[in-house]
1. Could you list 114, 73 so that the one with the fewest beta carbons within 10 Å of its beta carbon is first and the one with the most is last?
2. For the chain, what does -39500 (n - 2.57) per DSSP helix run (n ≥ 4), summed and divided by total residues, give at 222 nm, in deg cm²/dmol to the nearest 500?
3. Counting other beta carbons within 10 Å of each residue's own, what order do 10, 55 fall into, fewest first?
4. Arrange the following residues from fewest to most other Cβ atoms within 10 Å of their Cβ: 101, 61.
5. Taking the simple approach of a point 7 Å from Cα along Cα-to-Cβ for both residue 141 and residue 76, what is their distance in nm?
6. Contact order normalised by length for the chain, with contacts defined as Cα pairs under 8 Å and 6 or more residues apart; what percent is it?
7. Gaussian network model of the chain, Cα springs within a sub-10 Å range: biggest mean-square fluctuation belongs to which of 117, 47, 132?
């Protein structure tokens, strides 16, 4: 982590919602999701908020050897957004505790606030993380 990784960092990220990020596209193998309205899916909204947080901190890491992974999310999904609308995520890094990063997050679709809450990420060393995943994979195979 670079010395510049400090609370107070802010970032805005914009994205036009395509039909591939709607509820029916979330799990196309699930008939229940296929029957739901074609609006921005909560699962994709969470990913969008994470993306904004990643973009906010990557310049302050030794990327790609260091990166962050999401460890906790507590957000609302307050309004439906149809495809074709642009959503904007506004994120602020409010706490850096060792490798744990805490963000306030909010998203707006130009008409409504669609989400707000908190998100936590953890700074990882990519090679150490990959080694741990490989050990888990091997232990699972040995089962």
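1. Values: 114 26, 73 17.
Starting with the residue having the fewest Cβ neighbours, the order is 73, 114.
2. On the way: 4 runs with 41 residues, N = 143.
It lands at -8500 deg cm²/dmol.
3. Details: 10 11, 55 14.
Listed from fewest to most nearby Cβ atoms, that is 10, 55.
4. Values: 101 26, 61 18.
Fewest to most other Cβ atoms nearby, the residues stand as 61, 101.
5. Modelled inter-label distance: 4.8 nm.
6. Working: 278 pairs, mean separation 39.0, N = 143.
Rounded, it is 27 percent for the chain.
7. Result: 132 has the largest fluctuation of those listed.
Rule-based calculations on the coordinates, nothing more; no lab input. Quick caveat, the model's predicted, so the values are computed rather than measured. Cβ: placed from backbone, ideal geometry, glycine included. Neighbour counts: every protein chain shown.
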